[in-house]
Structure formats: structure tokens, C-alpha cells
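Got a structure for you, questions after.
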Amino acid sequence: MAADRPIVRLQWIDGMKGISILWIAFFHGFNFLGGSRFPWPLSDGYLGAMYRSCAPTTWLGEIGCALESFGVAVGQLGYHAVAVFLVLSGFGLTYSLAK
């Protein structure tokens, strides 16, 4: 009989899958509530278009515009989280099968 091996659970996989699920939910909510009014983050001139739409007048406004640009990009690129979730789920299934 084989010696009892400690059960190793990779906690980071569960955490990353949870983040992926939240990112997917944010993506759907963002697109439902008006994601079409923002430029596509992978297009040429994305930052310039976002800067023109913000029209900051102070350096704090510029920081706010940069954060908004980053948030919009993260929101619109949420469909990538589906692939991350699927890869991590496949890894977890393979890892448990290999044990």
C-alpha cells in the first residue's frame, strides 16, 4: 500500500478562476451599460480619443483620465478572461487526474 501523501491544493488556481469570473461579469455589465460609447482599446489612437473625450484641465484631471482609460480598456477586453478560466480549469482537472 502506498504511503499517505499529503493532499496539495493549488490555491492560486482557485483565486485566478475567481478573478476571471468577476472579470467576465464586469465585462458583461460594462458592455450592457454603455461600452459602445468608448473607443476600442486595441485601435490606433485609443489614448488620444480617450484624452479628447475627457478634456482634462488640471494634472489631477489627467490622472483621472488615465485611470478611466485603463478601466475602459480592462472592461472591454474582458472576453479574454473566458480563455483564462478554461485553461485554468483544464489545468486543475489534469492536475487532479495526474495525482
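Residue by residue through the stretch 20-32, note down the ones that are surrounded by 10 or more Cβ atoms within 10 Å (Cβ to Cβ) and either of a type in the set (Asp, Glu) or without any contact (Cβ under 8 Å) to a residue 12 or more places away in the chain (or both).
Step one: filter the stretch 20-32 for residues surrounded by 10 or more Cβ atoms within 10 Å (Cβ to Cβ), giving 20-31.
LEU22, ALA25, GLY29, listed by residue number.
Okay, moving on. Going through the stretch 40-52 one residue at a time, which ones are in contact (Cβ under 8 Å) with a residue 24 or more places away in the chain and open to solvent by less than 40 Å² (accessible area, probe 1.4 Å)?
PRO41, TYR46
Quick check: is even one residue across the stretch 81-97 on the phi > 0 side of the Ramachandran plot and surrounded by fewer than 10 Cβ atoms within 10 Å (Cβ to Cβ)? Working first, answer last.
Residues of the stretch 81-97 on the phi > 0 side of the Ramachandran plot: none.
Among the residues of the stretch 81-97, not one is on the phi > 0 side of the Ramachandran plot and surrounded by fewer than 10 Cβ atoms within 10 Å (Cβ to Cβ), which makes the answer no.
Moving to a separate point now. How many residues does the stretch 20-63 hold that are β-branched (Val, Ile, Thr) and not in a helix (DSSP H, G or I)?
Of the residues in the stretch 20-63, the ones β-branched (Val, Ile, Thr) are 21, 24, 57-58, 63.
Keeping just the survivors that are not in a helix (DSSP H, G or I) gives 57-58.
So the answer is 2.
Given the conditions (1) open to solvent by 80 Å² or more (accessible area, probe 1.4 Å); (2) farther than 25 Å from VAL87 by Cα; (3) not charged (D, E, K, R), which single one is not true for ALA55?
That leaves (1) as the condition not met.
The values are calculated or read from the model by the stated rules, or taken from the named source; none is laboratory data. It should be emphasised that the depicted structure is a prediction, and the values quoted were computed from it without experimental measurement. So basically every Cβ, Gly included, is an ideal-geometry build from the backbone, and we count neighbours across all protein chains shown. Heads up: the accessible areas ignore ligands, DNA and RNA and are worked out on the full protein's heavy atoms, side chains in. Shrake-Rupley method; radii C 1.70, N 1.55, O 1.52, S 1.80 Å.
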